[in-house]
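Okay, so here's the structure we're looking at.
Nothing in this text is a laboratory measurement; each read-out follows from the coordinates by a stated rule. The structure displayed is predicted, hence computed values, not measured ones. Note: ideal-geometry Cβ built from the backbone for every residue, glycine included; neighbour counts use all protein chains shown.
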């Protein structure tokens, strides 16, 4: 991700930041022996096996269980939402394009979550 950031490969940075955040959250769950991702959303109880959960599920779980501060969850959601740029149809339909600012936000968000998870995982 860092090399792509330096090389101004914006799309790669956005995709890799979301993937890195998801991997970090899964790593943390594995380390803490968390196998079920469960949370409530819109008066619905959601329960998934760790490897069936997507990034949105993981972020909700971490937020509801107080494992990540709200600001870090929002930062993770930026990467989750921006990752949709990998779909060619989205690029063709939307006038919004990936630029340095969006890549920087995703990069910095991933780094902040990395530090937060690593400090909690030990």
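Largest GNM mean-square fluctuation among 24, 98, 68, using the chain with Cα springs under 10 Å: 98. Working from label points 7 Å from Cα in the Cα-to-Cβ sense, the residue 84 to residue 7 distance is 2.8 nm. Compared with the alpha-carbon gap, the fully stretched path from residue 34 to residue 93 is longer by 17.3 nm at 0.36 nm per residue.
With the simple model of a label 7 Å out from the Cα in the direction of the Cβ, residue 19 to residue 65 spans 2.5 nm. Across 20, 75, 67, mean-square fluctuation computed from a Gaussian network of the chain (C-alpha pairs under 10 Å connected) peaks at 67. For the chain, the longest principal axis of the Cα atoms and the long axis of helix 70-82 meet at an angle of about 50 degrees. When the chain is treated as a GNM, springs tying every alpha-carbon pair under 10 Å, which of 112, 97, 22 comes out with the largest mean-square fluctuation? In this elastic network of the chain, the residue with the biggest mean-square fluctuation among 112, 97, 22 is 97. Between the helical axis of 10-31 and the longest alpha-carbon principal axis of the chain there is an angle of about 10 degrees. Size estimate for the chain follows the Kirkwood approach: the inverse of mean 1/r over distinct Cα pairs works out to 14.9 Å.
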